[in-house]
C-alpha cells in the first residue's frame, strides 16, 4: 500500500507543478516599481494632523501701504503670498464748470485688497496679531482647526495593505493576471502618498485670507468740457453778430427786390388799372 500512496503523492505534485507553470505565463506586478513606491512612504510624518486656516477683514488707513507691509511681514515669517488683488471702484462723481471749455470732475472711489498668505502654522497667531495692529478696527477675525488625523491614518493603513501585497508578490505568493489592475494599484499607492504629503504641508503651513479696505477717497481733476453747447461766444459778441447778420439779411432783401423790379412795376400797373376801372364803372352807374 505504501508504494501506491507514494506514487499518488508524486502524481499530485507533478500536476500542481504543471498548473503553476501555466499560471507563470500571466503578467506579474513589477517588483522594482512597486517596491519603490512602498519605500517612498517611509518619509511621511506621524502624529496629530491639525490643519489651521484663518480669515481676517479690517479697515486700514491706506490699502497700498498695508499691502506692502503684509508682503514684508510674510517674507519675515518665511511665508508665501499665493494670491493678491487690489481694486479701486468709483462710487459717484460730479462735474463742476470752471470755464467755457473746462470742468472739474470730483470723484469718490473706494479701494479694497484681498491677499491670501501661506505662513508656518506655529507662527500663525503671531502673524495675525501683527496684521491686527495695522488696522483702524477689525470687522472679522476667525481661525479654524481641522483634525485630519483619521483621514491621514486611513490613507496610511490602505497604503500599508498595498505594501504587504507588494511583499507577498515579491515572494511569489501573489500573482496579478490583469495588467489594468497593476496600473490601478500603482496609481492608488501614488495618490495616497500625495494625499498624505498634502496633509503634511497643510499641517506645516496655514492659509490666511486677508481682506481690508479704506475710507472713500476724493479725487479732483480738471478736464475738457465735452458738452458742445458750452462752447458758445459771449452775449455781447453774439449780439453784435446778430446785428451784423440782420443788416446783411436786409441788404440781401433789397437786392432781391431790385432783381424783381419788373415784376413789381407790372404788379403796380395792374393794381392801378383795376382801381381806375372800378372807379370809372361806379361813375358811369351813378350818371345812369
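Computed from the coordinates by the stated procedures, all read-outs in this text should not be read as laboratory data. Everything numeric in this text was worked out from a predicted model, so none of it was measured. Note: ideal-geometry Cβ built from the backbone for every residue, glycine included; neighbour counts use all protein chains shown.
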For this session: Would you kindly work out the equivalent ellipsoid of the stretch 205-252 from its C-alpha gyration tensor and give its semi-axes, the square roots of five times the eigenvalues, largest first in whole Å?
Result: 62, 11, 6
Exercise. Quick one: if the Förster radius is 41 Å, what FRET efficiency do residue 218 and residue 50 give, using the C-beta to C-beta distance and rounding to 0.05?
Worked result: 0.30
Exercise. With each label point set 7 Å from Cα along the Cα-Cβ vector, what nm distance links residue 136 and residue 116?
Worked result: 2.8 nm
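Quick one: length gained pulling residue 264 to residue 180 fully straight, 0.36 nm per residue minus the C-alpha distance?
On the way: separation 84, 0.36 × 84 = 30.24 nm, distance 11.36 nm.
Full extension of this stretch gives 18.9 nm more.
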Problem set entry | Rg/Rg_globular for the stretch 77-129, with Rg_globular taken as 2.2 N^0.38 Å and Rg from C-alpha atoms | 2.07
Exercise. In nm, to one decimal, how far is the residue 109 label point from the residue 88 one, both placed 7 Å along Cα→Cβ?
Worked result: 0.4 nm
Seminar exercise, completed: To the nearest 0.05, the calculated FRET efficiency linking residue 75 and residue 225 through their beta-carbon distance, R0 being 41 Å, is 0.25
For this session: Just the Kirkwood number for the stretch 108-167, please: inverse of mean 1/r across all distinct Cα pairs, in Å, one decimal.
Result: 16.1 Å
Exercise. Based on the Cβ-Cβ distance from residue 97 to residue 211, what FRET efficiency comes out when R0 is 35 Å, to the nearest 0.05?
Worked result: 0.35
Exercise. Which whole-angstrom value gives the distance between the alpha carbon centres of the stretch 53-78 and the stretch 230-288?
Worked result: 87 Å
For this session: Place the peptides 190-200, 88-98 in order of packing, highest mean first, counting for every residue the other Cβ atoms within 10 Å and averaging per peptide.
Result: 190-200, 88-98
For this session: Hey, for a label at residue 59 modelled as a point 7 Å past Cα toward Cβ, could you say which residues of the stretch 113-157 have their backbone N under 20 Å away?
Result: 113-115, 131-142
